[in-house]
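Below is one structure, written out as structure tokens, with a few remarks after it.
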Amino acid sequence: MYEGVVQDLIDELGRLPGVGPKSAQRIAFHLLQADPTDVRRLADALVEVTVKVKFCRICFNVSSEEECRICRDTRRDVSVICIVEEYKDVVAIERTREFKGRYHVLGGAISPIDGIGPEQLHIRELMVRLADGAVTEVILATDPNLEGEATATYLTRMLKPLGLRVTRLASGLPVGGDLEYADEVTLGRAFVGRRSADD
């Protein structure tokens, strides 16, 4: 334990996701030894991001304007929406350069243990987006874990009666992976989602 503001800094850094006590301490001492100008620039960036960054009023992606650049892009296919849990998932999918539609960011996944139900997510707003009939396909790109599966199952039940094509991202073995290291769920999905060798 350190005194006063040093311990306060370590405690605050430790509250960040993925930063444990040792990492928080290392970062704190790095900041104490850094040039004050660099520390000021970091502090200014932290304050600025909380003031300037908003969430897109359409898809709930992070944006510096009322609508994100993807929702403003008229070249994007408005008939396909990819549903993701978090805005970082949008970045991951955009890096592939494969998806040309639009997104809807739920803001998390259904997790009763964490007290997160459908009402805490942007599902109501999704249903409003789908009401005009412009969307014909919804791609569920939730995480392949218990919470992601529960969310995808819930959304599938809600969306099927609307007559939409509801699809899931393919899942299975990663390229370059070894069978012996694959868990049972991943290996099972690889068998279920197998395709012709001619493809």
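Listed values, structure above:
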item: Mean shadow area of the chain over all directions, Cα convex hull, nm²; result: 16.5 nm²
item: Rounded to 5, the percent of DSSP beta bridges in the chain classed as antiparallel; result: 20 percent
item: Sorted by Cβ neighbour density within 10 Å, fewest at the top, the residues Val175, Val105, Val6; result: Val175, Val6, Val105
item: Overall Cα dimensions of segment 55-168, principal axis frame, Å, largest first; result: 39, 31, 25
item: Exposure proxy order (Cβ contacts within 10 Å, fewest to most) of Val185, Val138; result: Val185, Val138
item: Helical mean residue ellipticity (222 nm; -39500 (n - 2.57) per DSSP H run of 4+; nearest 500) of the chain; result: -13000 deg cm²/dmol
item: Exposure proxy order (Cβ contacts within 10 Å, fewest to most) of Asp89, Asp44; result: Asp44, Asp89
item: Burial order of peptide ranges 77-84, 10-17, 122-129 (average beta-carbon count within 10 Å, highest first); result: 77-84, 122-129, 10-17
item: Segment 21-78 and segment 85-164: distance between their alpha carbon centers, rounded to Å; result: 23 Å
item: Cα gyration tensor, segment 4-52 - rounded (a/c under 1.5), prolate or oblate; result: oblate
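Quick note: the coordinates plus some simple rules give every number you see, no bench work behind them. The structure displayed is predicted, hence computed values, not measured ones. All Cβ positions, glycine included, derive from the backbone under ideal geometry; neighbour counts span all protein chains shown.
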